[in-house]
1. Only one residue in LYS164, LYS101 is modelled with pLDDT under 90, in the same structural domain as SER57 (by TED's automatic domain parsing), among the basic types (Lys, Arg) and surrounded by fewer than 16 Cβ atoms within 10 Å (Cβ to Cβ). Which one?
2. For the range 36-55, give me each residue that is within 22 Å of GLU174 (Cβ to Cβ), modelled with pLDDT of 90 or more and surrounded by 20 or more Cβ atoms within 10 Å (Cβ to Cβ).
3. When you scan the range 52-68, how many residues do you find that are in contact (Cβ under 8 Å) with a residue 60 or more places away in the chain, assigned to a helix (DSSP H, G or I) and either out of contact with any helix residue (DSSP H, G or I) (no Cβ under 7 Å at 6 or more places or on another chain) or of a type in the set (Val, Ile, Thr) (or both)?
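The values are calculated or read from the model by the stated rules, or taken from the named source; none is laboratory data. Model, not experiment: these values are computed from the prediction. Every residue, glycine among them, receives a Cβ derived from its backbone with ideal geometry; neighbour counts consider all protein chains shown.
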Amino acid sequence: MLLFDKGHFPGCPQLIVQTKAPVALFQILIRLLQAQHDDSPWGSCEETSYALLALASLSSLQFMSIMVPTIQIALDSGQRLLSKNVIEQETSDKACLWIDKVNYRIPPLSYSYVLAALYATSVPVLGYSPSMTREIDRLVLVPTQKVNHFLRFYRKLPIYRECKDWQLLAYIAEGYLYLPALIDLSKSELGRTTVPRHLECTAFAWASANRLTNRYSSPQNCFFAMTLIGVVVRHLSPFAR
């Protein structure tokens, strides 16, 4: 993001850096967290190692900071089970993840991933100066105060009663990642001069619906649904204008 902001990728649309890439990365995070199981976090030791390393890498991104406590809990749980099982790592077919003519595994490589995963941490990358942090936030911003406010509000709704706090937090944060594109579309295509008040709720509604069902509709479909709701609200509700 910093390299993009400094003009090193002039041919790259800002939409990719500001919305598409962050949404895709956030969805990877949610899928990893929702796929974790208490008795065997992500399957075999090697699969668990891949998941733990991915979580540790995702936690280093600035816009993931609101999810760092949840990521650390997942890492701690996964590492505890991984350390217990690594001595008796599976040698059955289900642990053969590499594919050629037949499924196979490479024990030294597998143990390398396991070792790396056991030492993985969720500590974000340090060293950002205040000016650098502001530039990152300008491109991709998840407003922590607003997310926590909406968390308390949505927690009271019956439909989200079974949701864990981290899930609601993630759904709300993901919705905010769509906002820059929704705001741009609202101004350029719908002729708005101000940001509609319903956009935050619209983005969350579709992000949460996508995750509650575990069907994982594509970001493109979610964005289309969000814009469609925006058009309907614009024409039918004077309170959203």
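1. None of the others qualify; the one that does is LYS101.
2. The answer is ALA51, LEU52, LEU55.
3. 2
For every residue, the table says whether it meets (1) touching a Phe, Trp or Tyr at 6+ places or on another chain (Cβ under 7 Å); (2) outside the structural domain of THR70 (by TED's automatic domain parsing); (3) among the small types (Gly, Ala, Ser); (4) at pLDDT 85 or above.
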{"residue": "GLU88", "(1), (2), (3), (4)": "no, no, no, no"}
{"residue": "PRO107", "(1), (2), (3), (4)": "no, no, no, no"}
{"residue": "VAL125", "(1), (2), (3), (4)": "no, yes, no, no"}
{"residue": "SER131", "(1), (2), (3), (4)": "no, yes, yes, no"}
{"residue": "ARG134", "(1), (2), (3), (4)": "no, yes, no, no"}
